[in-house]
1. Among the residues in the range 119-126, are any more than 21 Å from LEU302 (Cβ to Cβ) and outside the structural domain of VAL249 (by TED's automatic domain parsing)?
2. VAL325 - would you say it is modelled with pLDDT of 95 or more and either assigned by TED's automatic domain parsing to the domain that holds ARG177 or outside any loop (DSSP other than H, G, I, E, B) (or both)?
3. Given the conditions (1) more than 16 Å from the ligand (Cβ to nearest atom); (2) not assigned by TED's automatic domain parsing to the domain that holds PHE253; (3) not β-branched (Val, Ile, Thr), which single one is not true for GLY162?
4. When the range 277-314 is examined, which residues are found to be closer than 24 Å to PHE138 by Cβ and out of contact with any Pro (no Cβ under 7 Å at 6 or more places or on another chain)?
5. Could you list all residues from the range 24-40 that are of a type outside the set (Val, Ile, Thr), under 20 Å from ASP75 (Cβ atoms) and either out of contact with any helix residue (DSSP H, G or I) (no Cβ under 6 Å at 6 or more places or on another chain) or buried (at least 21 other Cβ atoms within 10 Å of the Cβ) (or both)?
6. Given the conditions (1) without any contact (Cβ under 8 Å) to a residue 60 or more places away in the chain; (2) in a helix (DSSP H, G or I), report the number of the one that ARG332 does not fulfil.
7. Taking the condition of being closer than 20 Å to THR18 by Cα and either more than 8 Å from the ligand (Cβ to nearest atom) or not assigned by TED's automatic domain parsing to the domain that holds ALA100 (or both), how many residues in the range 43-63 meet it?
8. I need a count of the residues in the range 74-115 that are near the ligand (Cβ under 10 Å from one of its atoms) and over 14 Å from ASP56 (Cα atoms).
Amino acid sequence: MPERKKIVILGATGSIGTQTLDICAQHPDRLEVVGLVANQSADHLKQLAAQYSVPDLALMDERAASEHGLPGGMDAIVQLVTRPDVRCVVVAVAGVIGLAPTLAAIHAGKDIALASKEVLVAAGEVVMPLVQEMGISFTPIDSEHSAIFQCLQGTTPDQVEGIILTASGGPFRGKKREELAHITVDQALNHPTWNMGGKITIDSATLMNKALETIEAMWLFGLTMDQVSVVVHPQSIIHSMVTLKDTSVLGQFGWPDMRIPIQYSLLYPERKANQLRKWSPVETPNLTFEAVDQETFPALGLAKLAVERGGTTCCAFNAANEAAVAHFLAGRTGFLQISELVASTIEEHVPVEPTLENLLQVDAWARTHIEHQLIHGKP
Ligand SMILES: NC(=O)c1ccc[n+]([C@@H]2O[C@H](COP(=O)([O-])OP(=O)(O)OC[C@H]3O[C@@H](n4cnc5c(N)ncnc54)[C@H](OP(=O)(O)O)[C@@H]3O)[C@@H](O)[C@H]2O)c1
């Protein structure tokens, strides 16, 4: 009987964090959560700790931490994820803020289960070589990347032609650009098939989520951008596909439930029975596919451009999007302006070598650049 894997969850109070707790509770013989981290939701964090009997907590926000008598700040989080007994860190914070604890955990030889795609989009050049060097297990939680990871089992890299990421199309599928001019935050937060945190839900509505995922997939699976394509699949039943050189196409099917990829990520390569609802083809007989309307949703083209420009451009792309989404959620900019702000940031950015120091500087520059554009009324 393998020993129980001790896990720390970053972003424990979020959508992925709470679903990870549920999966761990379904496999108490294999998974044990020993630490929970959130930003400032102390009461929610304490309630989860009591519900799931998790001994150690930390908050990123130092003020909230001291108010609630909890360890706080990046140092406390790094201390928790690098503790000798911890085997695996689930990175599920919203945004690139997960980079520093991820790097610390990898340096300490911990396995990573990654939900925070922003970490790889911004800093794949730094993260992936370290993963190789440390020989750790680095498994995706994102449902599309989990699907690809599952389909790749039993294939060799030379057999792979490419991958097809599926996209639900979000709440505005079928609409034209001019119809999106006055979209409200509530409309954009109303996703048709997935129930997720605020930032990723807005990313799904702009298709920026899929754009980030194309870059994430390149890093995870060692592909070029030309090998990564996207198809709209509104039912969200096929979670992504791999195309092979012999023209076979492999796909992974199931209900849109993040607990499936979370479990695969944490128990890989094991497959264990769980309490999740079983999917059957007759329940969803009409699976459909359509091309992405890139005129209305320019995000995929922006990701491609960022990859082509190279250096630190993907980092600028990610930071600009994080900042623009935060401004949209706060009512300071419009829905269509998100991609316009990202596009102008890519345009203005002068790429440099993607060292960790440069990436952190570029991340800060892109956020300031967005502020500046909003203050000066551009775009
Ligand atoms: N939700 C999904 O279905 C899904 C699917 C695939 C991938 N992902 C990816 O998973 C990540 C998390 O998404 P989510 O939907 O779970 O987000 P979410 O529901 O918004 O939760 C975010 C979590 O991150 C914490 N957090 C926020 N800012 C932080 C900071 N500065 N330092 C430390 N912790 C911080 C939050 O704590 P507080 O509660 O204290 O704010 C919360 O626990 C994202 O990168 C997303 O793209 C999500």
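The values are calculated or read from the model by the stated rules, or taken from the named source; none is laboratory data. Computed from a predicted model, the values in this text were never measured in an experiment. Quick reminder, even Gly has a Cβ in these numbers, built from the backbone with ideal geometry, and neighbours come from all protein chains shown.
1. yes
2. yes
3. (2)
4. ALA303, ALA306, VAL307, CYS314
5. Selection gives GLY35, LEU36, ALA38, ASN39.
6. Tallying (1) without any contact (Cβ under 8 Å) to a residue 60 or more places away in the chain; (2) in a helix (DSSP H, G or I), ARG332 fails exactly one: (2).
7. So the answer is 14.
8. Total meeting the criteria: 14.
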